[in-house]
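Working notes for the structure below.
The values are calculated or read from the model by the stated rules, or taken from the named source; none is laboratory data. Predicted model, so just to flag it, every value in this text is computed and none were measured. Please note: Cβ atoms are built from the backbone with ideal geometry, for glycine as well, and neighbour counts cover all protein chains shown.
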Amino acid sequence: MKTPFRAGLLAALLIALLAVAACGAPAGPAAEAPAEDADSMATEDTMAEPGGNPLESPVLWDRVASGELPPLEDRLPNEPFVVGPGVLLPEGHVDWQSGNFGGTLRTLHFRPDWNPDTFVGMNEPLLSAPGLGVQGIRGNVLKDYEVSNNNQTFVFHMREGLKWSDGSLVTAEDARFVAEDIYGNENLTPSFPRRFRTRNDPTGTPMTFQMIDDYTFQVDFDAPYGGFLRALTIETWNGWSELVRPAAYLKQFHVDYLENGLEDLRDQLNEMNLTDEWNQVFTANDCVNWHVNREKCMVGSSPVITPWQRVEAAEPGLLVFERNPYYYKVDVEGKQLPYIDKMVSKLVEDVEMVNTGILTGEADFMRESTGLVKIPLYVENGPAGGYRHQLLDMHVDSSSIWVNQTYNAEADPLAAAYRDVVSNIEFRQAVSLAVDRDEMIETLYYGYATKPLDTVGADLSTRDLDRANALLDSIGLDGRDDEGFRTYPSGETFEMLIEHGAHAPDLEPAAELVGEYLGDIGIKALVKKLDPTLWGQRRNNNELQATVFWAHDQGWDNNWTSDTIQRAGYAWWQYMTSAEENRDPTWEPPQWVKDAYALDIARWGSVSGGDEYNAFKEEGNAWHRENLPEITIVENVKYPLIVSLNMANVATEGFAIAQNFAMEQLYYVNPEENQ
Amino acid sequence: MVAYIVRRSVMLIPILVLISLVSFAIIELPPGDWVTYQIENLRASGIELNEDEAERLVKMYGFDQPAWKRYIRWMRGILFKFNFGWSFQWGKTVNELLGERLPLTLVISISALIVSWIIAIPIGIYSATHQYSVLDYIFTFFGFLGLTIPTFLLAMVLAWYIFKLTEFAPLGLFSIEYMDEPMSMEKFIDMLKHLVLPLIIIGLNGTGALIRVMRGNLLDELKKQYVITARAKGVNEMQLLFKYPVRMSMNPVISTIGWILPGIFSGEVLVSLVLGLQTTGPLLLRAVLAQDMFLAGSIVMILSVLTVIGTLLSDILLAALDPRIRYSAAAAR
């Protein structure tokens, strides 16, 4: 009894106990395994006994033969969406070929249940246009549209026979349910979405919705809203769920449709630790387009309309998507898309680990987390890893300087003085003149970028220190401190804190360089790197003095002029986007800021892509050059898209994210090499 | 002894209530909430949410309710239903998430712990009994290396070298081709291959320190008079060593069980991050960063509870092991 072995025995018992607990725990996930088994068995059987419709993927043959799935013609709508050259991407952007079925696309993500690449790849907007443009808007989930009454009345025709991924029909009831039972329900939608208000204006009148028959509905506005069709395309990455959601499924969670009201949701309320907040239960089951990576959009939960749908995975952190047998797109030969059967994305810890994964060949496709600065590494390791990089256009401008003209950190006694200085247009012009863009384009972007001619103009994007100094002297910053830095008229040193979140690999060196350039014109600039979340909080609290971030500016056809206001002055943006009664009069913006909003509303009124529209867009650029709401560093930046050497139908021109959007037409030349 | 355990257990209750309050408060401290984090994520990916949409999300997830209401709701779930609440980030219950990750975490932590003890205790004993011998110097050298090299750095460097030399990337638990397959013999072997590196790194992490502790304590004991007396009386050298001085020098090792228990539960955060292992460590880190409050709060609370229980366990073990502690407790009563 008094031996050390007794202690050893106790310790061993303790460990054994924990081990037993460990073995007992994983009962949940294991129970889901049979579904996976069934699938892999199906593949084996197909190989043993080939046969099936050549227009559908062989992985579906057994499910069709067994009667689990109806034959292909009964799964497709009467008029499927036909993909061929120049349809998803403009002619000339890709050498389009009809592809092979099969293979698995592997990729990586670093935020739980959020992979922007698979999201954009699966997202299906209601309407679409080639290459994510504004020209040639046509049906997508909806079949087509008619516009009348001076762009106030829109009639939409749906695809007869189009099915959700569980095989149920998509009808106008699915649209009515969204318009009336979701947007019309205060608990679910406290304020009516701006997109469905006249001219996309937060103060505009909401649409009126009318269901005409099972496959037709009509939307009316009280004033011309020529941009409404654009508002239903990929603009701001919206999708089918803006107006079409699986009503039959969602009615199970909507109190208005439940026999016993709230009580029918009691189990789920209990599970979520809620008492009567049925709207949270509804949301937890409501799979909208940007949730496609989540469990609530999984097979067995909400049906979707996307090319692939998430399924159970063997490992936590793994996102696995399998083809949707009811997907509504076919190629010109009649083959049902997508060509690739499966997508698998692995969760890693951060953006650097994503790049490590790329280098070790774990990604067949990757856009969001790549960087120009990593190209030498991609080139070195690509042949061994079986991938290459394709340079494409970035849909955002890679970097721009934001000077917050409403900066107001409570602890800073100089906040008001700072605002007085930076709200002078001369100050922003001087900053722009100080930046050596030639050097930045050469060192940070390897020449794959241009000067910001659209948003800054040739004059202000050419370095001229004398002119910059003169501009600063003219606005009362002519005093200097002991170290030679400029001072406020009151005598205190003018300091500018540039805080950045290093969201992309080029932002950190860009911020450091900007800090140095400002030093050249006597501005004491301090550069600091923050955690992206903290950066976001400081921005939301209006505590950032200045930063370097990317910009969705005018170069992107779909963009908003007023989007730049949140970079010019965060409080102005909050003021302008809040409801009238919530506006803080201290932050009423100057006229030039309000002009941007007026410009947008006018642009939304015009027909997207038309002459009037383009004139407003150009006016927006001129407004940008005149007011410099943000100081764009470069425009037309390229972006390396990582693709497997085995992958075809890869774009060689256009936006990288447009290729993302056309993922259903990617295929493997030899699918068996990428299983 | 029984009374002692009961008394200690009753004292746990107020401590646990306090812990739950503090962990909730800490999570509430930073400005913003999960919704703001989520909006930031979407923005960083180029999806702009309007202010009204943000407001809708805030209401939807109940962030417009006061903190105390959310706290009470959370505690009620834990106490009455053993439901740790909902993770906003992952869209499922905390129980489910922990259920997915605990098995792997426990396997890695416990195996690493055993590896570390198996290596460190014999080496510590050898070093102490053969002080200043060549092997002692070698062990001391490596012990200090193990003590000073940060594990995450070692993990990164080793992983890269293994990849460069063998084209095998020891990241994650499975190679990509097995990741979404059901468990099979090949998959199991693949997993074992991936487990070697984390086990060595996490195991060696504790080893260096444990060797030093073991060696130091045993050296102290070996010089004591009872050892000399026993030796003078002709007790067999091995029996003498293991029956008394080794036992005494194990005391500090046993008292660390209080820390080992939560350590086993949380996994090695940094190593897991670098090697991409889906353990509870990275889960906690993400939850805190994303202000996924019920998930973060639950993990912090479970860790604290385990620390408290671990301390209790180590006290009991010590009492069982060391008669001096047992008798002094009895005397005090």
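A few points about this structure:
- Where helices (runs of 4 or more DSSP H) fall entirely within region B:235-289, those with at least 1 residues that are more than 30 Å from B:A128 (Cβ to Cβ) and among the aromatic types (F, W, Y) are at B:257-266.
- Considered as a group, the residues in region A:307-321 that are part of a loop (DSSP other than H, G, I, E, B) and at the interface with another protein chain (Cβ under 10 Å from one of its Cβ atoms) include one that is farthest from B:Q278 (Cα to Cα), and that residue is A:E312.
- Single residue of A:E626, A:E612, A:E619 found to be part of a helix (DSSP H, G or I) and over 23 Å from A:P452 (Cβ atoms): A:E612
- Residues located in region A:387-405, provided they are surrounded by 22 or more Cβ atoms within 10 Å (Cβ to Cβ) and of a type in the set (V, I, T): A:I401, A:V403
- Of all residues in region A:295-306, exactly one satisfies the criterion of being crowded, with 22+ Cβ neighbours inside 10 Å and at the interface with chain B (Cβ under 10 Å from one of its Cβ atoms), namely A:C297.
- Flag if A:E352 is surrounded by fewer than 18 Cβ atoms within 10 Å (Cβ to Cβ) and under 22 Å from the mean Cα position of the chain (by Cα): yes
- Residue in region B:244-267 that is of a type in the set (V, I, T) and farther than 19 Å from B:A120 by Cα present: no
- Matching residues in region A:353-376 - criterion: being more than 10 Å from every other protein chain (Cβ to nearest Cβ) and assigned to a helix (DSSP H, G or I): A:V354, A:N355, A:I358, A:L372, A:V373, A:K374, A:I375, A:P376
- Filtering region B:144-182 to residues that are part of a helix (DSSP H, G or I), over 21 Å from the mean Cα position of the chain (by Cα) and modelled with pLDDT of 80 or more leaves B:F144, B:L145, B:V157, B:L158, B:A159, B:W160, B:Y161, B:I162, B:F163, B:K164, B:L165, B:T166.
- If you go through region A:279-294 and keep only what is under 15 Å from the mean Cα position of the chain (by Cα), under 18 Å from A:L126 (Cα atoms) and more than 9 Å from every other protein chain (Cβ to nearest Cβ), you end up with A:V288, A:N289, A:V292.
- Of residues in region A:505-554 being assigned to a loop (DSSP other than H, G, I, E, B), within 14 Å of chain B (Cβ to nearest Cβ) and surrounded by 23 or more Cβ atoms within 10 Å (Cβ to Cβ), the one modelled with the highest pLDDT: A:L544
- All strands (runs of 3 or more DSSP E) inside region A:126-236 with 1 or more residues being under 22 Å from the mean Cα position of the chain (by Cα), in contact (Cβ under 8 Å) with a residue 12 or more places away in the chain and surrounded by 16 or more Cβ atoms within 10 Å (Cβ to Cβ): A:142-148
- Any hit, region B:72-79, residues being assigned to a strand (DSSP E or B) and either more than 9 Å from every other protein chain (Cβ to nearest Cβ) or hydrophobic (A, V, I, L, M, F, W, C) (or both): no
- In summary, B:I325 fulfils each of the numbered conditions (1) free of Cβ contacts under 8 Å to residues at least 24 places away in the same chain; (2) in contact with a Ser or Thr (Cβ under 6 Å, 6 or more places away or on another chain) with the single exception of condition (2).
- All positions within region A:69-88 that are touching a helix residue (DSSP H, G or I) at 6+ places or on another chain (Cβ under 8 Å), under 19 Å from A:S168 (Cα atoms) and assigned to a loop (DSSP other than H, G, I, E, B): A:L69, A:P70, A:P71
- Test set (1) within 14 Å of another protein chain (Cβ to nearest Cβ); (2) more than 30 Å from A:I375 (Cβ to Cβ) - A:L472 fails condition number: (1)
- Scanning region A:488-501 for residues that are assigned to a strand (DSSP E or B) and surrounded by fewer than 18 Cβ atoms within 10 Å (Cβ to Cβ) turns up A:T493, A:E495.
- Taking residues in region A:576-591 that are within 13 Å of another protein chain (Cβ to nearest Cβ), and partners anywhere that are in a loop (DSSP other than H, G, I, E, B) and of a type outside the set (S, T, Y), the pairs with Cβ atoms closer than 9 Å and at least 6 places apart or on different chains are A:M576/A:P202; A:M576/A:R583; A:M576/A:P589; A:T577/A:P202; A:T577/B:N50; A:S578/A:P202; A:S578/A:D584; A:A579/A:P202.
- Test: residue in region B:118-135 that is closer than 22 Å to B:T279 by Cβ, within 11 Å of chain A (Cβ to nearest Cβ) and not acidic (D, E): no
- In region A:309-327, of all residues being within 23 Å of A:L169 (Cβ to Cβ) and more than 23 Å from the chain's Cα centre (by Cα), the one that is surrounded by the most Cβ atoms within 10 Å (Cβ to Cβ) corresponds to A:Y326.
- Search result, residues across region A:237-277 that are assigned to a helix (DSSP H, G or I) and among the polar types (S, T, N, Q): A:S241, A:Q252, A:Q268, A:N270
- Some residue of region A:103-113 being surrounded by fewer than 23 Cβ atoms within 10 Å (Cβ to Cβ), part of a strand (DSSP E or B), touching a strand residue (DSSP E or B) at 6+ places or on another chain (Cβ under 6 Å) and within 14 Å of chain B (Cβ to nearest Cβ): yes
- Remark: pairs (first residue in region B:235-250, more than 11 Å from chain A (Cβ to nearest Cβ) and touching a residue at least 12 places away in the same chain (Cβ under 8 Å); second residue charged (D, E, K, R) and surrounded by fewer than 21 Cβ atoms within 10 Å (Cβ to Cβ); Cβ separation under 8 Å; 6+ apart in sequence or on different chains) = B:L240/B:R231.
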